[in-house]
1. Is region 173-186 home to any residue that is within 24 Å of Gly62 (Cβ to Cβ), surrounded by fewer than 19 Cβ atoms within 10 Å (Cβ to Cβ), among the acidic types (Asp, Glu) and free of Cβ contacts under 8 Å to residues at least 60 places away in the same chain?
2. Ser92 is checked against (1) at pLDDT 95 or above; (2) of a type outside the set (Lys, Arg); (3) under 23 Å from Glu176 (Cβ atoms) and fails just one. What number does that condition carry?
3. Could you tell me whether region 60-67 includes any residue that is aromatic (Phe, Trp, Tyr) and modelled with pLDDT of 95 or more?
4. Would you pick out the residues in region 158-172 that are surrounded by fewer than 19 Cβ atoms within 10 Å (Cβ to Cβ) and more than 19 Å from Asp113 (Cα to Cα)?
5. Does Gly155 qualify as being closer than 19 Å to Met48 by Cβ and at pLDDT below 95?
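The values are calculated or read from the model by the stated rules, or taken from the named source; none is laboratory data. Computed from a predicted model, the values in this text were never measured in an experiment. Glycine also receives a Cβ, built like all others from the backbone with ideal geometry; neighbour counts cover every protein chain displayed.
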Amino acid sequence: MKSRKLIAILLAAVTAFAAAGCGKTNSDTDKADAAATESGKKVLKVGMEGTYAPYTYHDTDGNLVGYEVDVANAIGDYLGWDVEFVETEWDSMFEALNAGNFDVIMNQVTMTDERQENYDFSTPYIYSKPVLIVKSDNEDIKSFEDIAGKKAAEGLTSNFNQIAKDYGAEIVGQDEFSLAMECVISGEADCA
């Protein structure tokens, strides 16, 4: 049965679309509706990694920043809600959403057929495509076709993992994007 959870909310401040309640049924218990701060505002709990620059990461002062942090805060401002960020490793992100640890995921979630069977998605607010990351002195990998038989550092449940497998790469599983980058830098992986 299709879960009526919301993966990401429309950028309401830009699209003027009221995302509150989008994709919910009357029987759903929305923790954002029930939760309120001392100021009496509702709280939107947003799941994200906090390790995926430039989308969600920590600045030099340790503050959570990035494009999706800004989008979430703009949605909160538009709705008149407070926003609470819940940092979670990518490989457990959907389990945490299903468990009610947060209301939405905003973490560069790609719409796949499998995910659309279980979750509702907003209109996309980011358009991106996969690219390969290699060390600057790597002359062997210039395209996805070149990663067959090479080691690719990827999150085990990410769509990039599947892309790398489809091109014949050996997966070096990582929990966070930053760890995948460390694998490339250290030589443990050829690409990410």
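1. There is at least one residue in region 173-186 that is within 24 Å of Gly62 (Cβ to Cβ), surrounded by fewer than 19 Cβ atoms within 10 Å (Cβ to Cβ), among the acidic types (Asp, Glu) and free of Cβ contacts under 8 Å to residues at least 60 places away in the same chain.
2. (1)
3. Step one: list which residues in region 60-67 are aromatic (Phe, Trp, Tyr), which gives 67.
If we keep only those that are modelled with pLDDT of 95 or more as well, we get 67.
Scanning region 60-67, I find at least one residue that is aromatic (Phe, Trp, Tyr) and modelled with pLDDT of 95 or more, so the answer is yes.
4. Passing the criteria: Tyr167, Gly168, Glu170, Ile171.
5. On the way: closer than 19 Å to Met48 by Cβ: yes; at pLDDT below 95: yes.
Here the answer is yes, as Gly155 does meet what is asked.
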